[in-house]
Each structure stands twice: as C-alpha cells, then as structure tokens.
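Below: the structure, in structure tokens.
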Amino acid sequence: MKETEKKKEVTAKSITKQLKEVQEKNAKAQVANDKRLYARYKKQIETAYGKMETCYLDTAVAIHSIYQQQLYKLDNYKNIYDFAKENYDISRGTCSKFINICERFGAINENGNVIGLQERFENFGVSQLGAMLPMPDSLLEQCDCKMSVRALKQLCEDYKESLNAHQEVIEGVESDVVDSESVINTGMNEPIETVVDVTDNKTFVCQASTFEEFAKLQDVIKESFEDVLKKYPHAKISVDIIF
C-alpha cells in the first residue's frame, strides 16, 4: 500500500509540474503575440498619422491662402475664423495655429503665396511646428524633426523657465540699487525675447503688418472676448503687442 501511495504522489506532482509548464509556455506565447500586435498597431498609427499630418499641412496652406487674399468674403463671412468653423468645424484656435505656422515656417513663391514649408522645416509635422511656434529663432536651431511634440514643448518650457530665472536675477540686482553701468558690464540686462504661446487654449494670436490691418481685427477680438466671457464670466483679456 505504501508503494502504491508513493507512486500516486509522484504522479500528482508530475501532473502539477506539467500543468505549470504548459501555463508558462502559453503565457510566453501570449506575451509574444501581444508584442507583435502592439508593433503592428503602432506602425498602423504612425502611417495613418503621417497621412494626417500631410492633410493638416495642405489644410493650413489653403486656410492661409483664403485668409491672405480675404476670399472668405466671397461667401459673406466676416473673417477667416467664421469661414473655417462653419464649413469645416475648425476651431478658432486651430485656425489661428494654421495661419501662424504658414506665416512663420511657410515657403513663399514669387506671388507672395505660401506653397509649403521652408526647406529646413519640411520634415516637421504640423503638430511639431505648432509646438515650435512660441520659440524664438535661436531655440529653433535646437529642434530636430525626430523629437516628439512632448519633447519640443518641454524644450520650450525649459527655455521659458531659464528666462524667468534670468529675469529674477535682474530684478534682484535692481532691488539692491546696483549702478546701471555695472549691470551692463555683467551682461545682466540683455533683452528678454517675448514668447507667445499659441498652443495654449487660453491664448489667441492675431497678426498684422500695418495699423490698418490691426484695426480690422477689432471684430475678431470682440467675438473672441465674448466667447471667453460665456465660459469664464470673470475673465480679463490681455493684449500684447509683439514686434
């Protein structure tokens, strides 16, 4: 009887071991299959996203051309934002971003029209360029088309923080009533370049080359302010003149 029980015990252990090995094997196979699917889906997204970026650029160029030549007036729209929203459900912020991308990074032909991106920015996507809009020209030199949008935004944030730290140093020196000439010698009073963040939903950017063009923005600014007040009744509007 003892020998029979021992054989049964060994058999039970062996079966348990075999079941465990099968489970581990299945788990490894599942992980391997999940990795294959993950890689395939990521590739699918990257391909689709690349096509979307091309579509976004084409849209941006077309929007800018209609804006620049004021063609939206042919359909009795007051501004490009109403035209884009009503016809294509493009928000005011996105429309503004498209226009600013073309203004800053666009390649212009002999007729003054944007026909695409400047050569140095051709490999950047619209999302990347949107993140680069607040950057001064000096910071653009550090941007690479292989950088993610998150990395580009972080680069911009780091730059802003360095400016703020620099400004705090200047204010600290001024509060100590340091002679202005000595401040110049230390290089502390270098002008700080203004950064306009158009990727923030709370920021709306308009551009004008002449005072007359600026005056024409009155209706757009008024409508934007009214839209803000609907959502934030106690909001205040700030207008910065950047040149």
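Only the coordinates and a few stated rules stand behind these numbers; no lab work does. All figures in this text were calculated on a predicted structure; none of them were measured in a lab. Note that each Cβ is placed from the backbone with ideal geometry, even for glycine, and that neighbours are counted across all protein chains shown.
Under the 0.36 nm per residue contour assumption, what length would be gained going from the current alpha-carbon distance of T54 and N76 to full extension?
On the way: separation 22, 0.36 × 22 = 7.92 nm, distance 2.93 nm.
Extra length from T54 to N76 when fully extended: 5.0 nm.
Give me the distance in nm between label points sitting 7 Å out from Cα along the Cα-to-Cβ direction at L19 and H166, one decimal.
Spacing of the two 7 Å Cα→Cβ label points: 6.9 nm.
Which value, in debye to the nearest 20, describes the size of the charge dipole of segment 43-176 about its Cα centre when Lys and Arg Cβ atoms bear +1, Asp and Glu Cβ atoms bear -1, and nothing else is charged?
Roughly 680 debye for segment 43-176.
How would S96, S224, S14 line up from fewest to most surrounding beta-carbon atoms within 10 angstrom? Intermediate results must be reported in sequence, preceding the final value.
Working: S96 25, S224 18, S14 10.
The most exposed by this proxy come first: S14, S224, S96.
Taking amide H positions as placed 1.01 Å from N in the peptide plane, with prolines and chain starts having none, which residues 5 or more places from L117, or on another chain, fall under 5 Å of its amide H?
Amide H to amide H, under 5 Å and 5 or more residues apart or across chains, L117 pairs with A107.
For H166, H64, what's the fewest-to-most ordering of other Cβ within 10 Å of each Cβ?
Fewest-to-most Cβ neighbours within 10 Å comes out as H166, H64.
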